[in-house]
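The values are calculated or read from the model by the stated rules, or taken from the named source; none is laboratory data. In this text, all values refer to a predicted model and were calculated from it rather than measured experimentally. Here the Cβ positions follow ideal geometry from the backbone for every residue, glycine too, while neighbour counts run over all protein chains shown.
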Amino acid sequence: MSVKFSTVIEKDQHGYYAYCPELKGCQTQGETLDEVYANIKEAIDLYLETLTPEELSELSSKEILTGYYEAKVG
């Protein structure tokens with residue numbers, strides 16, 4: 001079985017932070033984009049290893065919608 005997972009990557013003053021919205025608590029960080037990409041792939045794989053066969057069978061890709069909201073500030 002193959003399931004696609006979304007990843008969100010945010011840049012901050014220390015590097016990058018990444019998480020997978022479909023897998024609660026699955027998150028990581030890295031100093032570079034290459035590092036955070038590798039780390040989130042590893043985090044997802046490790047997260048999946050903790051799931052029971054029943055939980056694995058219930059996994060499915062979710063449609064994650066993103067957008068922007070422009071707000072007036074000040």
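Does GLU35 satisfy being surrounded by 13 or more Cβ atoms within 10 Å (Cβ to Cβ) and of a type in the set (Asp, Glu)? Give the steps one after another, and end with the answer.
Numbers: surrounded by 13 or more Cβ atoms within 10 Å (Cβ to Cβ): yes; of a type in the set (Asp, Glu): yes.
So GLU35 fits the description; yes.
Pairs only if they're at least six apart or on different chains, beta carbon under 6 angstrom, first in the stretch 6-24 and within 13 Å of LEU65 (Cα to Cα), second in a strand (DSSP E or B); list them, first residue then second.
Every condition considered, the pairs that remain are THR7/ALA18; VAL8/TYR19.
Quick one: would you say THR66 is at pLDDT below 95 and not aliphatic (A, V, I, L, M)?
Spelling it out, THR66 is indeed at pLDDT below 95 and not aliphatic (A, V, I, L, M).
Within the stretch 36-50, is there a residue that is in contact with a Cys (Cβ under 6 Å, 6 or more places away or on another chain), modelled with pLDDT of 95 or more and aromatic (Phe, Trp, Tyr)?
Yes, the stretch 36-50 has at least one match.
Of all residues being touching a helix residue (DSSP H, G or I) at 6+ places or on another chain (Cβ under 6 Å) and more than 15 Å from LEU56 (Cα to Cα) in the stretch 10-25, which is modelled with the lowest pLDDT? Just the residue, please.
CYS20
Name the pairs: first residue in the stretch 26-42 and part of a loop (DSSP other than H, G, I, E, B), second residue of a type in the set (Ser, Thr, Tyr), Cβ to Cβ under 7 Å, at least 6 apart or on different chains?
That search, which allows pairs on different chains as well, returns CYS26/TYR19; CYS26/TYR47.
Residue by residue through the stretch 2-17, note down the ones that are farther than 23 Å from LEU48 by Cβ and assigned to a loop (DSSP other than H, G, I, E, B).
GLN13, HIS14 - these are the residues of the stretch 2-17 that are farther than 23 Å from LEU48 by Cβ and assigned to a loop (DSSP other than H, G, I, E, B).
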